[in-house]
1. Counting other beta carbons within 10 Å of each Cβ, put 220, 230 in order, fewest first.
2. Among 219, 252, 91, which one shows the highest mean-square fluctuation when the chain is modelled as a Gaussian network with alpha-carbon springs under 10 Å?
3. Please work out which option in (i) 53, 21, 15; (ii) 42, 19, 15; (iii) 39, 23, 17 gives semi-axes √(5λ) of the Cα gyration tensor in Å calculated from these coordinates, and answer with its label.
4. Just flag the GluC sites (Glu not before Pro) in the stretch 12-120 sitting in loop per DSSP whose Cβ has no more than 14 other Cβ atoms within 10 Å.
5. Relative to the Cα centre, what is the charge dipole magnitude of the stretch 133-180, using +1 at the beta carbon of each Lys and Arg, -1 at the beta carbon of each Asp and Glu, and rounding to the nearest 20 debye?
6. Counting Lys and Arg as +1 and Asp and Glu as -1, what is the net charge of the other residues whose Cβ lies under 13 Å from the Cβ of residue 216?
7. Summing +1 for each Lys or Arg and -1 for each Asp or Glu, what net charge is found among the other residues whose Cβ lies under 14 Å from the Cβ of residue 44?
8. Under 15 Å from the Cβ of residue 163, count the other residues' Cβ atoms, weight Lys and Arg +1, Asp and Glu -1, and hand me the total.
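Each value in this text was obtained by applying a stated rule to the coordinates, not by laboratory testing. Please read these numbers as outputs of a predicted model, since none were measured by experiment. No Cβ is skipped: glycine too gets one built from the backbone with ideal geometry, and neighbour counts run over all protein chains shown.
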Amino acid sequence: MSSPPRVAVLGAGNMGAALIGGMLKAEVAEAAHCVATTRTEASAAALEKRFGILATAGGNREAAKGADIVILAVKPVNIPKVIREIRDELREDQILISLAASLPLAVIEAEVRLRMPVFRAMPNIPVIVEEGAIGICHNAVATRAQREIVESLFRAVGVVAWVDDEQMDAVTALSGSGPAYVYIFIEAMIAAGLKMGLSREISTRLAEQTVLGAAKHVRDSGLHPAILRDQVITPGGVTIAAIHELERHGLRSMLISAIETATLHSRKRTNAMLEDLENSIS
């Protein structure tokens, strides 16, 4: 695709808007070639003012018809309805991307009824600050060139990891839901600072920067977190006393169990959708 792609984001809420902003900032898309649909006129007007793109309340068919890339950013429960709405406007040379969790490729393909490249992406909420973690999978129709196009779109708002469709439930549990786990951790650190006499402002500033800096250190160093942890520990020191308390209360086991539980819950929803698909075919 030599010229800038024409991108349609259907249902541009927080996630869709963040993706639009990242694509435009990274110049992998141009405002003149980007259109978004929203639920309300007010939301459409806000998007137009913010990004200088064409945005409409409704109008999914028109948006999809003129696009090279169609991004479904609506809630999972609304994906089948939107696909049926735009199905007659879809083409085999388009790229279709779903951002819906727990909605497998097979269900999307069955609704599309067209041999076209279909991608699933699981971005998490930090795409809003262009630091997202995005797991992506695709169907058998997608080409390497189309993969590169899709990756360039999502690299504009974070880090991309390619996985199989069957692994998307684990991606949803780990990175999709992951920010919520980290927010709880930060909240607890702030509360601990308050308990020990620090002001809320200082506790918040130190806690958020500690988490941000530690994550950046892991990413930039390429070292295993256990190695970096041991570099902070001194014999008989403050850190090892605190880590002992965390281990005594099972922090590590709780996090592993939480992600396992979330994965199984997501997988249950995915399997239910696949079962519904099989029943509709039989």
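1. Numbers: 220 8, 230 11.
Ranking 220, 230 by Cβ neighbours within 10 Å, fewest first, gives 220, 230.
2. Result: 219 has the largest fluctuation of those listed.
3. Label (iii) holds the value from this structure.
4. Listed in order of number, the matching sites are 27, 92.
5. I would put it at about 220 debye.
6. So the surrounding residues net to -2.
7. Values: positive: 39, 49, 50; negative: 41, 48, 62.
Counting the neighbours of residue 44, the net charge comes to 0.
8. With Lys, Arg at +1 and Asp, Glu at -1, the net is -2.
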